[in-house]
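Undergrad: Could you have a look at this structure, given as structure tokens, before my questions?
The values are calculated or read from the model by the stated rules, or taken from the named source; none is laboratory data. Since the structure is predicted, the reported quantities are computational estimates derived from the model, not experimental observations. No Cβ is skipped: glycine too gets one built from the backbone with ideal geometry, and neighbour counts run over all protein chains shown.
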Amino acid sequence: MGTTAEHVAAPCPAAYGPAMPSPAFPPPGATDCHVHVIGPKPRFPLAPARSYTPMDAPSEALAAMLARLKLDRVVLVQPSFYRTDNACMLDAMAKLKNTRGVAVLPDKVAAAELDRQQEQGIPGLRVNNATAGTASLDAMRRDIAAAARLCERHGWHVQLFVPSTAIEPLAPVLTALPVDSVIDHFGLIAPGADTPSSRALLRLLEGGKTWVKISGAYRITINWRDPRIGPLARTLCAANPQRIVWGSDWPHTPKHSQRKPNAEQELPFQAIDTAGLLALVPHWLESDRLMRRVMVSNPKKLYDFT
């Protein structure tokens, strides 16, 4: 297991066919619920203290990806290396159509600033305790509570990127929050796993206040086309089909094993086929109705798309 995910090798080659979407896929209104924008760094410099230095992935590259994959809506997520400076993300949101953003803010923010973020299309705040992999459970609880206090003003949600082992002990905290929570990247649960973490994640979904992103497949298994991911996605959907959304996790930031804190050298993105990731969705969900729910109606509700 790595610092952020349960990496499990596939027991056999992927069972899926060629990753080519059908003409009817993706459906109109399809949403990518997890992407990042980066740079250009001269205009949007990274935080001096950071876990790694990625290459640029500006709004123009994101727009080209969305057009190529025929995705109509997108949710930008503040990455760790910008800390609480959301300027790059907000700039991209202003340039692109049909966008929402998940920001990162300090523990204390003036009401006027929260109102401004609401007007710019922010429906949630992110708590990222997985990238560095060093936060204690007490620190996670404090971070989640602080974000939830800010989210209450406009009914935003708290988005969590936490190690899978944190899900069970954090479950009572999430259940008691005054706002909804959204858990990134399958909860970093390994496909095929039956653990306290996986069972806690299902209970949270069943409770109706927690959402899960079936995103970042390459974060939970060495082979992102591992055929065991489909059953995991369907199990999560079965727990509560109204609380599942999909994201590509573009531009596929560098592997944790390659990262060097505060290093200036740019690391390349992982060679992940974003179109291939999208094309797995029909294989995972096996139902046009469920696919439309996960990719269209659920994101519309969660992110208040009109």
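Undergrad: Taking the conditions exactly as written (within 18 Å of the chain's Cα centre (by Cα), at pLDDT 95 or above and within 18 Å of residue 124 (Cβ to Cβ)), does residue 211 satisfy them or not?
TA: Yes; evaluated as a whole, the condition is true for this residue.
Undergrad: Starting from residues that are in a loop (DSSP other than H, G, I, E, B) and either among the aromatic types (Phe, Trp, Tyr) or at positive phi (or both), keep the ones in the stretch 241-258 and report whichever is surrounded by the most Cβ atoms within 10 Å (Cβ to Cβ).
TA: 249
Undergrad: Additional query: Taking strands (runs of 3 or more DSSP E) that fall entirely within the stretch 74-186, which contain at least 3 residues that are over 23 Å from residue 207 (Cβ atoms) and aromatic (Phe, Trp, Tyr)?
TA: Counting at least 3 such residues, we get no strands (runs of 3 or more DSSP E) at all.
Undergrad: Condition first: in contact with a Pro (Cβ under 9 Å, 6 or more places away or on another chain) and either aromatic (Phe, Trp, Tyr) or part of a loop (DSSP other than H, G, I, E, B) (or both). Now tell me which residues in the stretch 273-306 satisfy that.
TA: Result: 284, 303, 304, 305.
Undergrad: Let me ask something else about it. Restricting to the stretch 21-38, give me the number of residues that are surrounded by 14 or more Cβ atoms within 10 Å (Cβ to Cβ), in a loop (DSSP other than H, G, I, E, B) and among the hydrophobic types (A, V, I, L, M, F, W, C).
TA: 3
Undergrad: A follow-up question, please. For residue 131, indicate whether it is of a type in the set (S, T, N, Q), in contact (Cβ under 8 Å) with a residue 60 or more places away in the chain and over 22 Å from residue 300 (Cβ atoms).
TA: Yes, satisfied.
Undergrad: Take the conditions among the aliphatic types (A, V, I, L, M) and touching a Lys or Arg at 6+ places or on another chain (Cβ under 7 Å) and apply them to residue 74. Does it pass?
TA: So residue 74 fails the test.
Undergrad: Restricting attention to the stretch 39-67, which residues are closer than 30 Å to residue 279 by Cβ, in a loop (DSSP other than H, G, I, E, B) and not charged (D, E, K, R)?
TA: 39, 52, 55, 58
Undergrad: Looking at this structure, is residue 225 touching a residue at least 60 places away in the same chain (Cβ under 8 Å) and surrounded by fewer than 23 Cβ atoms within 10 Å (Cβ to Cβ)?
TA: yes
Each row is one residue, and each column tells you yes or no for (1) touching a residue at least 40 places away in the same chain (Cβ under 8 Å); (2) under 17 Å from the mean Cα position of the chain (by Cα).
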position: 30; (1), (2): yes, yes
position: 60; (1), (2): no, no
position: 80; (1), (2): yes, yes
position: 125; (1), (2): no, yes
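Undergrad: Here's another thing I want to ask about it. Return only the number of the condition from (1) free of Cβ contacts under 8 Å to residues at least 24 places away in the same chain; (2) within 17 Å of residue 278 (Cβ to Cβ) that residue 70 does not satisfy.
TA: (1)
Undergrad: Within the stretch 230-239, does at least one residue satisfy the condition of being assigned to a helix (DSSP H, G or I), in contact with a Gly (Cβ under 9 Å, 6 or more places away or on another chain) and surrounded by fewer than 23 Cβ atoms within 10 Å (Cβ to Cβ)?
TA: Checked the stretch 230-239: at least one residue is assigned to a helix (DSSP H, G or I), in contact with a Gly (Cβ under 9 Å, 6 or more places away or on another chain) and surrounded by fewer than 23 Cβ atoms within 10 Å (Cβ to Cβ).
Undergrad: Among the residues of the stretch 266-278, which ones are surrounded by 17 or more Cβ atoms within 10 Å (Cβ to Cβ) and either of a type in the set (Ser, Thr, Tyr) or touching a Leu at 6+ places or on another chain (Cβ under 9 Å) (or both)?
TA: 274, 278
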